[in-house]
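Beneath this line is the structure, given in structure tokens, with notes to follow.
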Amino acid sequence: MDFGLTEEQKMVQDMARNFAEKEIAPYVEEDEENHFYRREILTKMGDLGLLGWSIPEEYGGNGMGWMEAVPALYEIAKVHTSWRLSISGNCWGPAMTINEWGTDEQKEKFIPPLVSGEAVGSFAITEANSGSDVGSMKTFAADKGDHWLLNGSKMWISGGHTSDIGLLYAVTTEGGGAKGLSCFIIDYNNTPGIERIPITKKVGMWPAPTSELVFENAVVPKENLLGPVNKGFQICMWMLNNTRMGCATGSAALAAACLEGSIKYANERTQFGQPIGKFQMIQQQLAEMKLEDDAAKFLVYRAAWLKENKLPSQQATSMAKVFGCNAAVHGANMAMKIHGSYGYSTEYPCGRWLRDAKQFETLEGTSNIHMGIIAGIELGYQPNR
Amino acid sequence: MNIVVTVKQTFDTEAKIVLDGKGSIDGSGVNLVINPYDEFAIEEALKLKEKFGGDVTVVSVGGERVTEAIRTALAMGCDKAVRIDDPALANADEWAVAEILAKAVSKLPCDIILSGRIAVDDGSSQVAVRLADALGVPSVSSILKLDIEGDAATVTREIDGGTELIEVKLPAVFTAQKGLNEPRLPSMKGIMGAKKKEIAVLSLADVGVGAGDVTAKMGVPKFSLPSPRKGGKVIPGEAPDAARELAKLLREEAKVI
């Protein structure tokens, strides 16, 4: 068992850290305050190859896989959690799913712009009345012979209104539940009948756009069906098993950011004539954070390793995701306590950490759903895919 | 246009320096990086290569760990590398390193030699200039702008309170100052490509230097850390008296007025 990174993985990690410090860190406060999505950061990520993991080089992939992607995403998320979404939004979501399920024409047309950062990607599953119960979605795609006609709406879609290319899951067999869903590739710039409404009232993740999408007789070309008809649920679960790594890695990184910030503060802040790090109760808090931070990281790396080796990874991914989000929420909570009144001030990042941490408990499978997956696989009720 | 960039691996600028009992620097567990000024040199070399074609060769002196820095330079876009590694180099001084580099560089086709103006660890600013001397070519230090036309370079360099414009014939050595350019990050493609690029590892014998020819002329018996900052002093009493006392201390103790 080797706990070290290879020379190449270390280079990727260093590069991502330098990228995040140079291209993301200077804008964190400004973009948080203005809820501003700085599009050019995505372009720069694409230029450097940060959006091309596990994608064949013929479609612009960077020739690297999970064991390189995880340290890269980790470094980016540690600086600004909102920007970790782009790797899922462009690469692990649409690009990787099209690469797995798409035709050669679909791969050639849609993967290169997602990987280069020329296009913003997204994927849309959730609806106002359909969250954890994916099979209950109502957005309907009617087969009109030479095209699909889409009607319905999607809710809480990351990058929904900034997206150029996105995956969309919709009902193709009414009453079929999970077995009646299909996946479509949407070219948002060339599809009339779609209204995209930014959701501005969010607790956190302010620079990462979130949207409501309304489809009213939106015409989708026949050739934009991804995979077989009615296989949408299977494709969706396959995709989520990848994109959830974004949550798992991002939350572990957020926990690490909280710890780093708290260690720095505990060494600087003096009370009763000594640095507050000397007090056992602060040490207890920091030790808990460190334990959870490392455990979260190890779970993420194990899930990445399983994926890289094409072994069943669903349970490990759920474990990494649910543990990571607990570590992030707990870490952010502790960081705010350790920072005292300064933690409650927006001059310090503790508020952002706490706001951003809370999203992990909900998106891409609530913690309850993931606990269900972990237990279900353990009990033998469902296979570990 | 063929370019050589001499690179030194240094401590990360954020690394905490720890001394052992003998006053030597304890480098274990410290993150190492390319000397930040050498990154400007690499970037400038890559820009020249993009404009004029040719090869960029990275040359560095040091042990196995230096490969990390070289690999990063190759990932940024340099074409090949030479690492000179020899047990006899354990205590090499600037003179010895420059002599060895000169021997190695003289075997490479090269119109321009670039380096950082200073290494952030020992800060001696000697090696590149000594290298120019050993090669018998001109050197311009702390450059902010480099224009090449034919076999001539027009260089802007930083001087105290202003800049100086210099014209010089190639081949020549230039040392890079902050502001010359903005070094690129290695791309994933560059990182993937770097492992396929050649790093020649040469001993002193390979470059044609006898171990006895480069015995250091200078030794560093010990390092010491700056003394820790003392706490501030509070002057009690009424304002007029305290001000008088403050003025007295500033003049007599701190000697600043």
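Scan segment A:146-196 for residues that are assigned to a strand (DSSP E or B) and closer than 14 Å to A:Ala119 by Cβ and report the count.
6
Take A:Ala77 and tell me if it is small (Gly, Ala, Ser) and more than 13 Å from chain B (Cβ to nearest Cβ).
Spelling it out, A:Ala77 is indeed small (Gly, Ala, Ser) and more than 13 Å from chain B (Cβ to nearest Cβ).
Where in segment A:276-353 are there helices (runs of 4 or more DSSP H), lying fully within it, with 2 or more residues that are crowded, with 21+ Cβ neighbours inside 10 Å?
A:280-308, A:314-338
Yes or no: B:Asp133 in the same structural domain as B:Tyr37 (by TED's automatic domain parsing), part of a strand (DSSP E or B) and open to solvent by 60 Å² or more (accessible area, probe 1.4 Å)?
no
When B:Val234 is evaluated against the numbered criteria (1) closer than 24 Å to B:Thr57 by Cα; (2) open to solvent by 80 Å² or more (accessible area, probe 1.4 Å), which criterion, by number, is the only one it fails?
With respect to (1) closer than 24 Å to B:Thr57 by Cα; (2) open to solvent by 80 Å² or more (accessible area, probe 1.4 Å), B:Val234 is out only on (1).
All but one of (1) hydrophobic (A, V, I, L, M, F, W, C); (2) open to solvent by 10 Å² or more (accessible area, probe 1.4 Å); (3) in contact (Cβ under 8 Å) with a residue 60 or more places away in the chain hold for B:Ala69, so report the exception by its number.
Condition (2) is where B:Ala69 drops out.
State all residues of segment B:32-62 that are in a loop (DSSP other than H, G, I, E, B) and either surrounded by 12 or more Cβ atoms within 10 Å (Cβ to Cβ) or touching a His at 6+ places or on another chain (Cβ under 6 Å) (or both); if no residue qualifies, say none.
B:Asn35, B:Gly54, B:Asp55, B:Gly62
Here are the criteria: (1) open to solvent by less than 40 Å² (accessible area, probe 1.4 Å); (2) of a type outside the set (Asp, Glu); (3) in contact (Cβ under 8 Å) with a residue 12 or more places away in the chain; (4) not in a strand (DSSP E or B). Tell me which single one B:Gly123 does not satisfy.
Result: B:Gly123 passes all but (3).
Evaluate segment A:60-73: report whether one residue or more is open to solvent by 60 Å² or more (accessible area, probe 1.4 Å) and either touching a Lys or Arg at 6+ places or on another chain (Cβ under 9 Å) or over 18 Å from B:Glu68 (Cβ atoms) (or both).
No, because not a single residue in segment A:60-73 is open to solvent by 60 Å² or more (accessible area, probe 1.4 Å) and either touching a Lys or Arg at 6+ places or on another chain (Cβ under 9 Å) or over 18 Å from B:Glu68 (Cβ atoms) (or both).
With the requirement that a residue be under 15 Å from A:Lys78 (Cβ atoms) and crowded, with 17+ Cβ neighbours inside 10 Å, what does segment A:19-34 give you?
Of everything in segment A:19-34, those that are under 15 Å from A:Lys78 (Cβ atoms) and crowded, with 17+ Cβ neighbours inside 10 Å turn out to be A:Phe19, A:Ala20, A:Glu23, A:Ile24, A:Val28.
Does A:Asn267 satisfy the criteria of being at pLDDT 95 or above, outside any helix (DSSP H, G or I) and surrounded by fewer than 22 Cβ atoms within 10 Å (Cβ to Cβ)?
no
Please go through (1) in contact (Cβ under 8 Å) with a residue 12 or more places away in the chain; (2) out of contact with any strand residue (DSSP E or B) (no Cβ under 6 Å at 6 or more places or on another chain) for A:Cys236 and return the number of the only condition it doesn't satisfy.
(2)
Would you mind stating whether B:Ile257 is more than 26 Å from B:Ala134 (Cα to Cα), in contact (Cβ under 8 Å) with a residue 12 or more places away in the chain and open to solvent by 30 Å² or more (accessible area, probe 1.4 Å)?
no
Restricting attention to segment A:179-222, which residues are farther than 29 Å from A:Glu32 by Cβ and within 23 Å of the chain's Cα centre (by Cα)?
Those that are farther than 29 Å from A:Glu32 by Cβ and within 23 Å of the chain's Cα centre (by Cα): A:Leu181, A:Ser182, A:Cys183, A:Phe184, A:Ile185, A:Ile186, A:Asp187.
Which one of A:Ser163, A:Ser82, A:Ser88 is touching a helix residue (DSSP H, G or I) at 6+ places or on another chain (Cβ under 6 Å), open to solvent by less than 40 Å² (accessible area, probe 1.4 Å), of a type in the set (Ser, Thr, Tyr) and in the same structural domain as A:Ala25 (by TED's automatic domain parsing)?
When all the criteria are applied, what remains is A:Ser88.
Restricting attention to segment B:152-183, and to residues there that are open to solvent by 70 Å² or more (accessible area, probe 1.4 Å) and in contact (Cβ under 8 Å) with a residue 60 or more places away in the chain, which single residue is nearest to the other protein chains (Cβ to nearest Cβ)?
Going through the qualifying residues, I end up with B:Glu182.
Taking segment A:98-112 as the search range and keeping residues that are buried (at least 24 other Cβ atoms within 10 Å of the Cβ) and over 25 Å from A:Glu23 (Cα atoms), which one is nearest to the chain's Cα centre (by Cα)?
Of everything passing the filter in segment A:98-112, A:Ile98 is nearest to the chain's Cα centre (by Cα).
If B:Asp85 satisfies all but one of (1) out of contact with any Gly (no Cβ under 8 Å at 6 or more places or on another chain); (2) at pLDDT 95 or above, what's the number of the condition it fails?
It fails just one condition, (1).
Go through (1) surrounded by fewer than 11 Cβ atoms within 10 Å (Cβ to Cβ); (2) in contact with an Asp or Glu (Cβ under 8 Å, 6 or more places away or on another chain); (3) part of a strand (DSSP E or B) one by one and return the number of the condition B:Leu146 breaks.
Here B:Leu146 clears every test but (1).
I'd like to know if segment B:213-226 contains one or more residues that are more than 14 Å from chain A (Cβ to nearest Cβ), farther than 30 Å from B:Gly136 by Cβ and not in a loop (DSSP other than H, G, I, E, B).
No, every residue in segment B:213-226 fails to be more than 14 Å from chain A (Cβ to nearest Cβ), farther than 30 Å from B:Gly136 by Cβ and not in a loop (DSSP other than H, G, I, E, B).
Somewhere in segment B:97-118, is a residue open to solvent by 60 Å² or more (accessible area, probe 1.4 Å), assigned to a loop (DSSP other than H, G, I, E, B), at pLDDT below 95 and over 30 Å from A:Leu48 (Cα atoms)?
Yes.
Name the residue, out of A:Gly4, A:Gly49, A:Gly60, that is touching a residue at least 40 places away in the same chain (Cβ under 8 Å) and either within 10 Å of chain B (Cβ to nearest Cβ) or small (Gly, Ala, Ser) (or both).
Every option except A:Gly60 fails the conditions.
The values are calculated or read from the model by the stated rules, or taken from the named source; none is laboratory data. Quantities reported herein were computed from a predicted structural model and do not represent experimental measurements. So basically every Cβ, Gly included, is an ideal-geometry build from the backbone, and we count neighbours across all protein chains shown. Calculation scope for accessible area: heavy atoms of the full protein, side chains included, ligands and nucleic acids excluded. Shrake-Rupley method; radii C 1.70, N 1.55, O 1.52, S 1.80 Å.
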